[in-house]
Amino acid sequence: MARANAAYYATHDPFADFTTAPEISQVFGELIGAWATIVWEQMGRPASLALIEAGPGRGTLMQDARRATARIAPQFHAAARVHFIENSARLRREQAMRVPDAAWHAALDTVPTGPAIVVANEFLDALPIRQFEYDGGAWCERYVEDGAFELLPAERPVRAPRHSEAGSVVEVAEAGCAWVTRLAKRLARHGGAALILDYGPGEFSSGDSLQALRDGRPADPLCEAGSADLTAHVPFMELAETVRAAGARAWGPLPQGIFLTRLGLWQRVGMLARANPLNAEAINEAAHRLAAPSRMGYLFKAFVITPVSAAAPPGFEAV
Ligand code: SAH
């Protein structure tokens, strides 16, 4: 999955296959800029900090966030240095057009240590997962051989649901949990907060969530590796456990619609609509797509990592 996605992102325009929240409405990135500003104030307004985005895609979220902070929070804007974690050369070129003063990294480890605010939208769902299948007697791991799944005895214990039947699938987001562990340790030690937005359940669950999109349509994940975008649901409850085990605090997951509404989505949308009456309908429709429970408002979740002693991050006060 890791190799297939690296090949896919290196050779394809992913936005021909799927659309993400920052590409739907400028308000998404603007609200995240406002969120980061408040977090910076809660941190005691450090004179310099890293504003890190993992998997920035076209760079649209950060471009919108930076435009907003330049206007509403010039001191925060000046204190923050943008660092992008991206391994696709093709997407790095797109990002440089929108955020020319960013620094690029292949992984979190090379971003200079110190206080940091981290954002990751639809990043963790692209990281590889492991899948385990119950064959009726024992748990096996799914491997890929000649374009098909092959079951081999599981080499690690599987957290199995109580009533598993032959064919039941359990996923382990090993790479995502490892990434979150490194991030949580860094934040616990040097201060800051991370905002992770992605799709996945808000409770412990099991089942096969591996999906492939090729040419904008659902496809067989095993067919022509590297030609389709592979994703899996992000297991937020497991991530929360991982964060706590790493010595940091987890907030959420909170449905995206509630999170954005608490940050002022509808106030900002109202302002934009009044300023652009000819586009008011499209501006409102885009916000509904992000926030309505039947669209992206419920399946997508907001999840925050902070040091244990930090105040509630914006949007999470009432949780
Ligand atoms: N956040 C963007 C793009 C989401 S697509 C948006 O919301 O529009 C996933 C992004 O993660 C792409 O930029 C992809 O190149 C990047 N990515 C995927 N796997 C990665 C990895 N292992 N390391 C670094 N970047 C990765």
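The values are calculated or read from the model by the stated rules, or taken from the named source; none is laboratory data. Since this is a predicted model, take the numbers as computed values, not measurements. Counting neighbours? That spans all protein chains shown, and the Cβs are built from the backbone with ideal geometry, glycine included. What goes into the accessible areas is simple: the full protein's heavy atoms, side chains included, and nothing from ligands, DNA or RNA. Shrake-Rupley method; radii C 1.70, N 1.55, O 1.52, S 1.80 Å.
Miscellaneous remarks
- Pair list, Cβ < 9 Å and 6+ apart or interchain, from the range 233-253 residues that are under 23 Å from Ser209 (Cβ atoms) and open to solvent by less than 30 Å² (accessible area, probe 1.4 Å) to residues that are assigned to a helix (DSSP H, G or I) and basic (Lys, Arg): Ala250/Arg244
- Considering residues of the range 55-98 that are open to solvent by 20 Å² or more (accessible area, probe 1.4 Å), touching a residue at least 12 places away in the same chain (Cβ under 8 Å) and more than 16 Å from the ligand (Cβ to nearest atom) only, the residue nearest to Asn5 (Cα to Cα): Arg81
- Qualifying residue in the range 146-159 (condition: crowded, with 17+ Cβ neighbours inside 10 Å and aromatic (Phe, Trp, Tyr)): no
- Every condition in (1) within 10 Å of the ligand (Cβ to nearest atom); (2) under 30 Å from Ala225 (Cβ atoms) holds for Gly29 except the one numbered (2).
This table checks each residue for (1) in a loop (DSSP other than H, G, I, E, B); (2) in contact with an Asp or Glu (Cβ under 6 Å, 6 or more places away or on another chain).
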| residue | (1), (2) |
| --- | --- |
| Trp40 | no, no |
| Arg45 | yes, no |
| Ile52 | no, no |
| Gly57 | yes, no |
| Leu61 | no, no |
| Asp64 | no, yes |
| Thr69 | no, no |
| Gln75 | no, no |
| Ala78 | no, no |
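- Condition check for Gly167: over 21 Å from Ala107 (Cα atoms), in contact (Cβ under 8 Å) with a residue 60 or more places away in the chain and not assigned by TED's automatic domain parsing to the domain that holds Thr113: no
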